[in-house]
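Reviewing the structure listed below.
Where a number appears in this text, it was derived from the coordinates with a stated rule and is not lab data. Keep in mind it's a predicted model, so treat the numbers as computed, not measured. Methodologically, a virtual Cβ is constructed for each residue, glycine included, from the backbone with ideal geometry; neighbour enumeration extends over all protein chains shown.
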Amino acid sequence: MKTINTNNETMIKVENVYKTFGKKGGAITQVLDGANLTVNKGEFVSLMGASGSGKSTLLYLIGGLDRDFTGDISICGTSIRKMREKKLSKIRLGHIGFIFQFYNLVQNLNVEDNILLPSLVAGRSRASMKKELDEILEITGLTEKRKQMPSKLSGGQQQRVAIARAIISNPQIILADEATGNLDSKSGAEIMELFRKINREKGITILQVTHSQKCAEYGTRTVVLENGKTVDERASMWLPSSHKPTFQELEGRLATSMSRS
Ligand SMILES: Nc1ncnc2c1ncn2[C@@H]1O[C@H](COP(=O)(O)OP(=O)(O)OP(=O)(O)O)[C@@H](O)[C@H]1O
Ligand SMILES: [Mg+2]
């Protein structure tokens, strides 16, 4: 059964999204304040911004993990806001791979079983997954570790298991929330190389949240979340905190910087 329009080149579209936390009558935090974001097929976008600026919130909304917002979010051309939970789960399982900062591995399952778990839960048989499993273990450099338990792995290796688990179902989109936040810079760079590889070779669209400029640079584009809105990185770097320039001013600055280079 076809659940989603996969021909659309726009993979993620966030339109005028407002998100608040808190109850009526109590303190209300306005986290997203008219946020917009478009991610096209094959892009590898880095989402940056200060702690508390709403990056994780936005990622959860895009992944359909929280649907309490106003505005609209579409995945592969299909709006998820009013979608029935069953259809949304299907999209989540079939089209989106999540990677979080803490690897969320099942400690009493070995590497292979951790990677296979979501597919087995979704009804695939172990035998039918063999070829994919071998390929993913190879891509993520875990072939030698396939029978190891998570507690015997380094942080970087555990994160690779989480990535393998996210990509084995061949998702079109990977949402990663500080996938390297917990790793030393060498392991972090390895994970970023792996992201770049799956983005280029498997054509998977990636949206990653990161605090690291270095990690962000592995992506094809950086977007910054500021004051509840997304801003293009270039524009953001020029924003003095006391003054938000008009579009015309930004255009002028862009023209000046281009004439200098
Ligand atoms: N469940 C919640 N209930 C109430 N407030 C929340 C909840 N989740 C997040 N917030 C608030 O929303 C704001 C944005 O949080 P969010 O986790 O999205 O930030 P972030 O940009 O991911 O920060 P960090 O870089 O520290 O991970 C924060 O002020 C946070 O306190
Ligand atoms: Mg966060």
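Of note:
- Phi angles of the range 120-125 translate, via the Karplus equation with coefficients 6.51, -1.76, 1.60 and θ = phi - 60°, into HN-Hα couplings of 5, 4, 6, x, 6, 8 Hz per residue; Gly and Pro are given as x.
- MRE, 222 nm, helices only [DSSP H, n ≥ 4, -39500 (n - 2.57), over the chain, to nearest 500]: -10500 deg cm²/dmol
- Under the Karplus curve 6.51 cos²θ - 1.76 cosθ + 1.60, θ = phi - 60°, whole-Hz ³J(HN,Hα) for the range 196-204, x wherever Gly or Pro sits: 4, 5, 6, 5, 7, 7, 9, x, 7
- 3J(HN,Hα) from dihedral phi, the range 60-77, Karplus parametrisation 6.51/-1.76/1.60, rounded to Hz, x for glycine, proline: 5, 5, 4, x, x, 7, 9, 10, 8, 8, 10, x, 9, 10, 10, 10, 6, x
- FRET E, pair ARG200, LEU117, Förster distance 35 Å, beta-carbon r, rounded to 0.05: 0.85
- In the chain, the inverse of the mean reciprocal separation of distinct Cα atoms equals 19.6 Å; this is its Kirkwood hydrodynamic radius.
- Cα point-scatterer Debye curve for the range 41-108, base-10 log of I(q)/I(0) at q = 0.13, 0.25, 0.26 Å⁻¹: -0.45, -1.30, -1.34
- Loop sites in the range 17-54: trypsin sites (Lys or Arg not before Pro), DSSP, at most 11 other Cβ within 10 Å: LYS23, LYS24
- Calculated P(r) tail over 17 Å for the range 75-152, as whole % of Cα pairs: 56
- Tilt relative to the chain, helix 247-260 - C-alpha long axis, 0 to 90 degrees, to 10: 80
- Average projected area [Cα convex hull, the range 1-142], square nanometres: 11.2
- The C-alpha atoms of the range 96-232 occupy a region whose extents along the principal axes are 47, 28, 25 Å, arranged from largest to smallest.
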